Amino acid sequence: MKINKKVSPKKLIAIPVAVLVAAAAFALPASAATPTRYITVNAEGVVQVTPDAVRLNATVSNIASTSAAALSQTSAAAAKVRAALKAKMIETKDVKTTSITVYPEYNYTQDKGSVQIGYRASQSFEVIIRNATNAGAVVDDVVAAGGDAIQIQGATPFVLDSAKATASARAAAVANARAKARSYAELLDVKLGKVSFLVENSSPISYPSFAGVAKAADSMSTEIDLGKQDVTVSITVRWSLG
């Protein structure tokens, strides 16, 4: 004989209801959690350093009746410039050709208009002078070697290795950020907690100062004024509040 036991429908739904109630009970603390409070500040650190190197930009240029002759004369002048650089202990790796050009050269007059007078050939160089105090003497020797064919486009002082200055700028940026955050905390009558994140907003920025190229007062040698250069680091820091 089979005995069929009837199960009450109420018992069937009791378990899922209990599970839902338990789930809701566990969810309550998360939904009722207090929002995290924090202070976020931006700050910069700036360090001034004296440049230790100079970037020299120069061009050798000649005009001749043919393009081949113009290029040959320019190459000869460029070779003299390289020899002068080598004599000043400038390594080959620090001398880079940036361009070589050959093109017709014209002269304009009001009565004849544009008249071709030959061909101009040019070769431009970028030279890194790692000893900044020797830069003026290098310029003088390059000009002497190149003669009337040489043109100096610029002599720009810069920091060859800015790692140490950058580290100092970062330290200054963190100190400035901490001081600013503490000031806000005092104004708001709260306590600073731990740092939750720090972001460096940009790579170190170098702002070169103006550098002059002039003859020294007591001699005929060229003197390059190095000035100062700013190395800047910008950061964003967030502190939690107690």
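Odds and ends about this structure:
- Region 29-133: Lys pairs at Cα distance under 24 angstrom, eight or more positions apart or on different chains: 5
- Once the C-beta distance of ILE152 and GLU200 is scaled by a Förster radius of 41 Å, the resulting FRET efficiency is 0.65 to the nearest 0.05.
- With one equal scatterer per alpha carbon and no solvent term, the Debye-computed log10 I(q)/I(0) for region 38-183 at 0.13, 0.15 1/Å reads -0.70, -0.81.
- Take the Cβ atoms of ASP161 and GLU44, set R0 to 25 Å, and the FRET efficiency comes out at 0.70.
Every number in this text was worked out from the coordinates using simple rules, so none of it is lab data. In this text the structure is predicted, and so the values were computed from the model without any measurement. All Cβ positions, glycine included, derive from the backbone under ideal geometry; neighbour counts span all protein chains shown.
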